[in-house]
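Everything below concerns the one structure shown next.
The values are calculated or read from the model by the stated rules, or taken from the named source; none is laboratory data. This structure is a prediction, so every number in the text was calculated from the model and none was measured. Positions of Cβ are backbone-derived with ideal geometry, glycine not excepted, and every protein chain shown enters the neighbour counts. With ligands, DNA and RNA removed, areas are computed over all heavy atoms of the protein, side chains included. Shrake-Rupley method; radii C 1.70, N 1.55, O 1.52, S 1.80 Å.
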Amino acid sequence: MTEIIKKKLSDSPVARWSVLAIVSVTMMCGYFITDVMAPLQSMLESEFGWDGADYGFFTSAYGWFNVILFMLIIGGIILDKMGMRFTGTLACGLMLVGCALKYYAISPFFQFGNVVFIGIKMQILLASIGFAIFGVGVEIAGITVTKVIARWFKGKEIALAMGLQVATARIGTALALSITVPLAKYFNEISTPILLGLLLLCIGLIAFLVFRVMDRKLDASLKDIKEEAEESFRMSDILFVIRNKGFWLIALLCVLFYSAVFPFLKYATSLMINKYNVDESLAGTIPSLLPFGTILLTPLFGGLYDKKGKGASIMIFGSLLLIVVHFLFALPILDVWWFAAFIMIVLGIAFSLVPSAMWPSVPKIIPQNKLGTAYATIFWTQNIGLAGVPMLIGWVLKTYCQTGNPDKPYDYTIPMIIFTCFGILAVVVAFLLKIEDKKKGYGLELPNIKKE
């Protein structure tokens, strides 16, 4: 008697890797807009009269609504209650609205550049509000895509898949850092790169609509094989998440690590100009080495975690590299471009190690039906750093780091020491996470791929 074995759609390598490619395109388009203004700091100062504090205020807006209004937490609950298809589409819409507002504020169509409201220039305020709305959308999209991968790659190459998604998203970051200034100068319009990002977000929305179709087919295949559905989310599940010590250690590691990377990238182009004497038109090229490096290394380290384990150890080593990088940036030595490029490559290795192990570790601690809330809470905690640290660095630059030299207006020694301190704290938390894993047996040091 021949037994017919039915499989769910995610068992098909072609199907699950196609889904990964589709949702990764959506995140890549979002990440382009996230960093598209970073190389433009000098142009904003010269063309619109922004200063370091204004730029820090704008950059911090990314996390305003996510942190203060708890929009990420709400988004995570919506994700667990309403599902990935609804939440992802909503997130794409928010990204489009926010990007459109930011483009309008920077574009020639904006006619209120000298108007001041509550002590802030209207241009800066409107661009910041647009960035804040976009921040809600891209962060909710991030937790949605992470849960998509956790669902489609459960028991399979989950760390490799998350690594590839991060790597693809970093292409957006790399393009933003490398082509923004040349594009703005070629068209003689500072808002041109933002308009390009708006068009890319439309492509990202279309890609996610394709995913919706495939995810419905996965639901149908689950019904065909009569696989038991996961337990539905309940509001009481929030307590399960926030009472978990291992979860909070990952959340704390996330905010410390990313606070030393993403806010740094916002100022990295300016650092290259002020400390390493790089021409403004090329200054974004060196920071772009970081995301380009992660494109190859994050999937590599993710695949290593899938097959060999050692997730907690990977996070410790990556955090140690973070300390080395920022300390070298702070030292008054070798102020030449090639040394800056070398340090940036090392930072790229650190930036590949920690995320490749951190995000796939969350499903080992938190059940699938609570993952939306868990990832949202981690992203919310991360956004506290993404909102506060740029504002802190902007204030430090304006208050303590002005040189009086119009060609090199800032000394970045103190900001780099601040970033180094974040790295030290990240190492401490990573060690505590490894200790907690030994106590609770989460399996962070074990491989992700289950042998059948």
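Within segment 129-173, if we keep just the residues that are surrounded by 24 or more Cβ atoms within 10 Å (Cβ to Cβ) and polar (S, T, N, Q), the residue that is modelled with the lowest pLDDT turns out to be THR173.
Screening ARG212 with (1) surrounded by 23 or more Cβ atoms within 10 Å (Cβ to Cβ); (2) modelled with pLDDT of 90 or more; (3) farther than 26 Å from PRO287 by Cα gives one miss only, at (1). When you scan segment 341-355, do you find a residue that is more than 19 Å from the chain's Cα centre (by Cα) and within 23 Å of GLN41 (Cα to Cα), even just one? So far as segment 341-355 goes, yes, one or more of its residues are more than 19 Å from the chain's Cα centre (by Cα) and within 23 Å of GLN41 (Cα to Cα). When only residues in segment 15-64 that are open to solvent by 30 Å² or more (accessible area, probe 1.4 Å), among the hydrophobic types (A, V, I, L, M, F, W, C) and at pLDDT below 90 count, which is nearest to ILE203 (Cα to Cα)? Ranking the qualifying residues of segment 15-64, first place goes to TRP64. Listed by first and then second residue, the pairs with beta-carbon distance under 9 Å, at least 6 apart or on different chains, first residue in segment 432-449 and in contact (Cβ under 8 Å) with a residue 60 or more places away in the chain and within 9 Å of GLY311 (Cβ to Cβ), second open to solvent by 60 Å² or more (accessible area, probe 1.4 Å) and of a type outside the set (A, V, I, L, M, F, W, C), are LEU444/LYS310; GLU445/LYS310; GLU445/LYS438; LEU446/LYS310; ASN448/LYS307. Before we move on, is ASP306 at pLDDT 85 or above and of a type in the set (Asp, Glu)? Against the criterion (at pLDDT 85 or above and of a type in the set (Asp, Glu)), ASP306 qualifies. Of all residues in segment 75-110, those satisfying the criterion of being among the β-branched types (Val, Ile, Thr) and either open to solvent by less than 20 Å² (accessible area, probe 1.4 Å) or outside any helix (DSSP H, G or I) (or both) are THR87, ILE106.
Considering SER232, SER259, SER221, which residue is of a type in the set (Gly, Ala, Ser), modelled with pLDDT under 80 and within 26 Å of THR381 (Cα to Cα)? It would help to see each step written out before you state the result.
Values: SER259 fails: modelled with pLDDT under 80; SER221 fails: within 26 Å of THR381 (Cα to Cα).
Of SER232, SER259, SER221, the one residue that is of a type in the set (Gly, Ala, Ser), modelled with pLDDT under 80 and within 26 Å of THR381 (Cα to Cα) is SER232.
The set of residues from segment 433-445 being among the hydrophobic types (A, V, I, L, M, F, W, C) and crowded, with 16+ Cβ neighbours inside 10 Å comprises LEU433, LEU444.
Please work out which residue is farthest from TYR258 (Cα to Cα), limiting yourself to segment 383-404 and to residues that are of a type in the set (A, V, I, L, M, F, W, C) and open to solvent by 40 Å² or more (accessible area, probe 1.4 Å). Reasoning before the result, please.
At the first step, the residues of segment 383-404 found to be of a type in the set (A, V, I, L, M, F, W, C) are 384, 386-387, 389, 391-393, 395-397, 401.
Add one more test, that the residue is open to solvent by 40 Å² or more (accessible area, probe 1.4 Å), and what stays is 384, 391-392, 395.
Values: ILE384: 10, MET391: 15, LEU392: 15, TRP395: 19 Å.
Restricting to residues being of a type in the set (A, V, I, L, M, F, W, C) and open to solvent by 40 Å² or more (accessible area, probe 1.4 Å), the top hit is TRP395.
Among residues of segment 185-214 that are hydroxyl-bearing (Ser, Thr, Tyr), those with a beta-carbon under 6 Å from a residue that is open to solvent by 10 Å² or more (accessible area, probe 1.4 Å) and part of a helix (DSSP H, G or I) at least six positions away or on a different chain give the pairs SER191/TYR103; THR192/LEU183. Of the helices (runs of 4 or more DSSP H) lying entirely inside segment 4-74, those carrying at least 2 residues that are within 16 Å of the chain's Cα centre (by Cα) and closer than 30 Å to CYS401 by Cβ are 13-35, 52-60, 64-68.
Taking each residue of segment 108-119 that is of a type in the set (A, V, I, L, M, F, W, C) and looking for partners that are assigned to a strand (DSSP E or B) and surrounded by 12 or more Cβ atoms within 10 Å (Cβ to Cβ) with beta-carbon atoms closer than 9 Å, six or more apart or interchain, yields PHE112/LYS121; VAL115/LYS121.
Only a single item in (1) open to solvent by less than 10 Å² (accessible area, probe 1.4 Å); (2) under 25 Å from PHE240 (Cα atoms); (3) among the hydrophobic types (A, V, I, L, M, F, W, C) is not met by TRP359, and it is number (1).
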